[in-house]
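Below is one structure, written out as structure tokens, with a few remarks after it.
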Amino acid sequence: MNKDMQFESISSVLKVDRPLVISGPCSAETESQMLTTAKQLKATGKVHALRAGIWKPRTRPGQFEGAGEPGLQWLVKAKEETGLPITTEVATAAHVELCLKAGVDILWVGARTTVNPFSVQEIADALRGVDVPVMVKNPVNPDLELWIGAIERLNRAGIRRMAAIHRGFSSFDKGPFRNAPMWDLAIELKTRVPGLEVICDPSHISGNRELISMVSQKALDLDMSGVMIESHLNPDAAWSDAKQQVTPAALAKIVEGLVVRTSSSNNKTFKDTLGLLREQIDQLDDEIMQKLANRMKISEKIGQYKKENNVTILQVGRWEEIVQTRVSLGKAMGLDEGFTRDLLRLVHHESIQVQTKVMNKVEERV
Ligand code: PEP
Ligand code: MN
């Protein structure tokens with residue numbers, strides 16, 4: 001699936017090794033804020049591209065909605081003075097036209113736009129025949145299909161130089177984060193769309209500056225190729241997203257502190273040991289699959305037996321007992337409780353499906 005999509009990464013466009021670092025203010029506020037921040041970022045020597053929002057999607061009206069068209073010129077000036085490529089968010093065809101006219105190097109589609117196929121298509125149509133790199137943030141809601149759909153629309157319009165940006169998801173249960181990372185969705189994207197670069201936006205995941213280092217490190221450990229981190233010359237006074245912005249000096253420290261691990265190593269002992277461990281995993285997975293298949297066969301028998309005796313499939317008491325005993329067993333063996341519960345839920349769901357099939361099967365008359 002999606003094997004027909006062809007990509008070139010933004011990292012290779014900018015000729016940088018892992019990690020790619022994109023930084024700049026959440027919003028371009030004034031010419032001097034933009035230029036000072038950009039120059040300080042350049043001076044750190046850690047930044048490969050400058051970001052700044054020109055049109056800001058705000059949840060409520062009456063907040064600062066971005067400097068608009070005049071702000072684009074500040075961004076262009078920042079590029080002229082630092083030599084760094086520039087990137088900003090586009091949400092409409094008009095934004096695309098203005099950015100291309102001004103010479104913005106890389107565009108990005110924001111989380112609130114990725115959710116809307118009409119808007120994404122409008123942007124894709126405006127980009128047809130234009131060779132500009134585009135980054136696509138994940139949609140606000142945890143819907144992988146929407147994310148892939150947006151990437152596909154742009155790719156079909158001829159955009160090859162692309163990256164996905166993981167910025168976390170709106171969720172009732174977001175823990176300490178502003179947007180729940182739901183790392184498994186970003187991992188799933190990497191497997192569903194091979195060849196597409198994934199960059200992390202730890203600022204919008206974290207929502208506060210304290211968590212940015214930890215989230216950035218986790219992203220690199222999951223083999224993402226870079227980070228987009230918001231920075232501001234005076235973060236507390238920022239007109240948007242103040243709590244999550246860092247000074248250029250703090251940004252440099254965060255980047256310096258990152259440990260870059262490679263996804264493979266040529267060391268022979270490492271390879272041999274990894275090979276042996278993987279063999280064990282393969283063997284255990286085979287056994288797990290075999291045991292699951294056996295378990296389902298027994299569920300099928302139980303279904304048949306219940307049917308013959310007119311008994312319901314679901315018996316809440318039995319289910320509660322299963323959960324309770326397995327969770328304590330798992331705990332005793334060092335398994336995470338949440339993991340055991342998730343696993344049981346999946347197995348139980350499938351078991352009910354199997355039994356339902358048996359119940360509803362019309363006996364064939366011979
Ligand atoms: C931003 O990058 O400033 C922004 C608005 O991000 P998102 O679309 O991820 O909310
Ligand atoms: Mn922001």
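The values are calculated or read from the model by the stated rules, or taken from the named source; none is laboratory data. Every value quoted in this text rests on a predicted model; they were computed, and no experiment measured them. No Cβ is skipped: glycine too gets one built from the backbone with ideal geometry, and neighbour counts run over all protein chains shown. The accessibility values were calculated without ligands, DNA or RNA, using every heavy atom of the protein model including side chains. Shrake-Rupley method; radii C 1.70, N 1.55, O 1.52, S 1.80 Å.
Selection among Thr191, Gly149, Gln217 by position relative to the dipole of segment 10-257 gives Gln217 as farthest towards the positive end (Cβ unit charges, Cα centre). Taking the chain as a Gaussian network, Cα atoms linked when under 10 Å apart, which of Gly24, Gly62, Gly257 shows the biggest mean-square fluctuation? Highest fluctuation among the options: Gly62. Note on Thr325 and Leu284: the model spin-label points, each 7 Å out from Cα along the C-beta direction, lie 2.4 nm apart. With N as its number of residues, segment 23-150 has a Cα radius of gyration that, divided by 2.2 N^0.38 Å, comes to 1.05. Pairs of lysine in segment 277-366 with Cα under 29 Å and at least 8 positions apart or on different chains: total? Here the count comes out as 17. Where Lys and Arg each count +1 and Asp and Glu each count -1, what net charge lies around Gly275 among other residues with Cβ under 12 Å from its Cβ? That works out to 0. Considering only Val140, Val227, Val311, the mean-square fluctuation computed in a Gaussian network model of the chain, springs between alpha carbons under 10 angstrom, is largest for Val311.
Projecting the Cα atoms of Leu343, Gln353, Asn309 onto the dipole axis of segment 231-366, where Lys and Arg carry +1 and Asp and Glu carry -1 at the beta carbon, places Asn309 farthest toward the positive end. Think of each Lys and Arg Cβ as +1 and each Asp and Glu Cβ as -1; about the Cα centre, that makes the dipole of segment 268-360 roughly 240 debye.
Subtracting the Cα-Cα distance of Asn267 and Glu337 from 0.36 nm times their residue separation leaves 21.6 nm of extension gain. Sorted on the mean count of surrounding Cβ atoms within 10 Å across their residues, most packed first, peptides 228-239, 195-206 read 195-206, 228-239. Put simply, the amide H of Ile165, placed in the peptide plane, has neighbours under 5 Å in Val136, Lys137, Asn138, Ile199, leaving out anything fewer than 5 places away on its chain.
Heavy atoms of the protein chains alone define the surface here; on that basis the chain has 54 Å² accessible area per residue at 1.4 Å probe size.
Along the axis of the charge dipole computed for the chain (Cβ charges of +1 for Lys and Arg, -1 for Asp and Glu, origin at the Cα centre), the listed residues Leu75, Thr114, Pro133 are led at the positive end by Thr114.
The trypsin sites (Lys or Arg not before Pro) of segment 243-320 meeting both criteria, a DSSP state outside H, G, I, E and B (loop) and at most 14 other C-beta atoms within 10 angstrom of the site's C-beta, are Arg261.
For Glu300, the accessible area of its heavy atoms, probed at 1.4 Å with every protein chain present, is near 100 square angstrom. Excluding residues fewer than 8 places away in the same chain, name every one of the lysines whose C-alpha is closer than 20 Å to that of Lys137. In chain and number order, the partners are Lys56, Lys174, Lys190, Lys218. Summary of packing: across the peptides 87-96, 8-17, the per-residue average of other C-beta atoms within 10 Å ranks them, highest first, as 87-96, 8-17. Taking all protein chains as present, what is the carbon and sulfur share of the accessible area of the chain, in % to the nearest whole number, probe 1.4 Å? Exposed carbon and sulfur together represent 54 percent of the surface. Take every DSSP beta bridge whose two residues both sit in the chain; close to 5 percent of them are antiparallel.
For Gly53, nonlocal amide neighbours, meaning residues 5 or more places apart or on other chains whose placed amide H falls under 5 Å from its own, are Ser27, Ala28.
Using Cβ point charges alone (K and R +1, D and E -1), the dipole size of the chain about the Cα centre works out to roughly 280 debye. The per residue volume of the convex hull around the alpha-carbon atoms of the chain is 208 Å³.
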